[in-house]
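Rule-based calculations on the coordinates, nothing more; no lab input. These figures come from a predicted structure and were not determined experimentally. When we count neighbours, we look across all protein chains shown, and the Cβ atoms used for this are built from the backbone with ideal geometry, even at glycine.
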Amino acid sequence: MNDKARIIRIYSVVALICVLILATAFYIRSQRVAPEVVPYYSEDSEFESLLTLEKDLVLKNQDGNEVKISDLKGKVWAFAQFYATCPMCAKRNNQGLKSLYQKFKDVPDFRLVCITVNPEEDGVEQMKSYAEALDADSSNWLFLTGDAEALKSYMVSEMKYDPIKKREDPEEAAAKGELMHNMSIAVYNRDLSMVGRKDLSSARADGEKVYQEVEKSLHQMIDAVIKQN
């Protein structure tokens, strides 16, 4: 066998070995079972009550009708603070809350509740305009206002939020809104007990992937609480 034939044979053997290796790798990959994605929450999850609303509060919704916190007993509901001129609220409500509403709006015993932290300026008219802009039905997405002193006191003493403060820096106020308030979304069960909070606004600042995971966990939590009762 001359040198040329020997070289051709060597290359042929190498090529055959490469083909066998690739074929084996593709076979193993095709037989590999994808890892199971464990959900954040399921109907078997145990949710500890972080607080329970014992006292009642009378408010008005976007239609001008009286709504009491006690009316939400027996419902699973998500709650967020907001006010009409808050730019951060506008972004969160139009994205995170709207997405939440679209997913659960056909569930008879679910409610989405937004209460203004600026009742001095946010009356029924402002609530109605805001609700209409988001295509929110007052039967399942409530925008609420009320007596300023009673409302603010209730949020601090019963719902355990920090008192509302005004931003002193004009540039910060222009970018984030004049009033500082909690941007998280709280989840309440049918006994008026809060079982969790998720902050989509902070998650957004950490990147789209983090936002998607936090949003997924929020949706799974609500779904689990609905199925448990």
What per residue convex hull volume, in Å³, comes out for segment 115-170 when only alpha-carbon positions are used?
114
D191 to K55: extension gain in nm, 0.36 nm per residue of separation minus the Cα-Cα distance?
47.7 nm
Rounded to the nearest 0.05, FRET efficiency between N65 and E121 (Cβ-Cβ, R0 25 Å) equals 0.75
Run through every distinct alpha carbon pair of segment 180-229 and return the Kirkwood hydrodynamic radius in angstroms, one decimal place.
11.6
Based on Cβ point charges of +1 for Lys and Arg and -1 for Asp and Glu, what charge dipole magnitude is obtained for segment 100-200 about its Cα centre, in debye rounded to the nearest 20?
500
What full-extension length gain, to one decimal in nm, is calculated for E132 and M88 as 0.36 nm per residue of separation minus the Cα-Cα distance?
14.0 nm
How big is the equivalent ellipsoid of segment 51-228 along its three axes, where each semi-axis is √(5λ) from the Cα gyration tensor, reported in whole Å from largest to smallest?
22, 21, 16
Cβ-placed point charges (K, R +1; D, E -1), dipole of segment 51-228 about Cα centre in debye, nearest 20:
620
Please state, to two decimals, what the Cα-based radius of gyration of segment 36-137 comes to when divided by 2.2 N^0.38 Å (N = residues).
1.20
